[in-house]
Amino acid sequence: MRKVLLATALLAVSALALAGCSTAATTAGTAAKSDSKPVYVFLPKSLNNPYWVDARKGMEDQANKLGVTAKFLGPDTDDAAAQVAIFDSILATKPAGIAISPNDPASVIDNIAKARAAGIPVIAWDGPVPNSEVMGYIGTDNVAAGEQAGEALAKSINKKGKVAVVIGSLSAVNLNQRLTGVKKALAKYPDIKLVATEVSGESVATAQSASETILQANPDLAGMVGIGGSDLPGIAGALKSGNKCGTVKAVGFDVVPQGIDGMKGKCVDALISQKPFGMTAQALKILADFHNKTSKLKDNFTVDTGVVTVTPDTLDEFLKTAH
């Protein structure tokens, strides 16, 4: 699966640093004496997306309320192999609980099983891990969120015209679910035609070059939707460089700096805001309840944290509130 707090630095955790990837951690409360408190670890897809700053903040806030230690560790970029290596290191510390947002769900199934065998609660957050031993999932209903994005795009182009999609990854379950939702929404409108779908690899530069290629091949394109966190910034960059802002409508996910700037610059028409702050706050409480054996949730639970469609008319008010 939103507080927009954009200027928080990541704290280094040397005990869990791994060669070839960067791990960053935030410890709530008095970190120096963390051995006296339960330690919970959140493993995001990466650390290079502002979306994860909000997620880390929600974790910190809840950790302070619960009086526990919480760490936020992940690879610099969306790197499945690096994420698995960090997961290995986390397991060696025997934390009280783990929340994971997987780059490639299949790659973390074995480590999830190892954690559960060791009695460590593991939940999926932000992105699901099908066919695994995670205790459940908390985050966005990504099909429904994709439908909301598709409806926002349809509205912005008056329900007619050619449209295109840029998606970060074809291995991430949550992104594919969003794509399913987008297609489901667009299918309601016979005058809308999806003419291109490109993969960005969660790179803003690649998303921009892919968008430029789409625009060149389709000079009459009406709109574009970015599925992953890096996709809309790339789309907005392509529209700006091609003087297409306002002419070609753009919709994407997450209220992060690039999206905000794009909307204020009239290059972005709608943002589908997830609730990363709320996701991690709830996820940490769920993990703590499992650790303390007070949870009323059963295995295979799902908690939908919802989304909000943000437009230029609602942006300023949205930024005043906690998500």
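Every number in this text was worked out from the coordinates using simple rules, so none of it is lab data. On a predicted model such as this, the values are computed, not experimentally measured, just so you know. All Cβ positions, glycine included, derive from the backbone under ideal geometry; neighbour counts span all protein chains shown.
Put a plus charge on the Cβ of each Lys and Arg, a minus charge on the Cβ of each Asp and Glu, and nothing anywhere else: the dipole of the range 120-191 about its Cα centre is then about 500 debye. This structure gives log10 I(q)/I(0) by the Debye sum over Cα atoms at q = 0.13 Å⁻¹, computed directly, and of (1) -1.20; (2) -0.89; (3) -1.03 that value is listed as (2). Dividing the mean sequence gap of close Cα pairs (under 8 Å, 6+ apart) by how many residues the range 222-283 holds gives a relative contact order of 32 percent.
Fewest-first ordering of C245, C267 by other beta carbons within 10 Å of each residue's beta carbon gives C245, C267.
Are there trypsin sites (Lys or Arg not before Pro) in the range 175-259 that DSSP marks as loop and that have at most 13 other Cβ atoms within 10 Å, and which are they?
Details: sites: R178, K183, K184, K188, K193, K240, K244, K249; in loops: K188, K244.
Here the sparse-neighbourhood loop sites are K188.
Per-residue ellipticity at 222 nm for the chain, helices alone: DSSP H runs ≥ 4 residues times -39500 (n - 2.57), over residue total, nearest 500 deg cm²/dmol? Display every interim value, and only then the final one.
On the way: 10 runs with 125 residues, N = 323.
Roughly -12000 deg cm²/dmol at 222 nm, from the helical runs in the chain.
Taken about its Cα centre, the chain carries a charge dipole of about 580 debye when Lys and Arg each add +1 at the Cβ and Asp and Glu each add -1 at the Cβ.
Loop only per DSSP, at most 10 neighbouring Cβ atoms within 10 Å: give me the trypsin sites (Lys or Arg not before Pro) in the range 250-323, ordered by residue number. All intermediate terms of the calculation are to be shown ahead of the outcome.
Working: sites: K264, K266, K285, K293, K296, K298, K320; in loops: K266, K293, K296, K298, K320.
Of the trypsin sites (Lys or Arg not before Pro), the ones in loops of the range 250-323 whose Cβ has at most 10 other Cβ atoms within 10 Å are K293, K296, K298, K320.
Report the net charge of residues surrounding T180, where surrounding means a beta-carbon distance below 12 angstrom and charges are Lys +1, Arg +1, Asp -1, Glu -1. With Lys, Arg at +1 and Asp, Glu at -1, the neighbours total +1.
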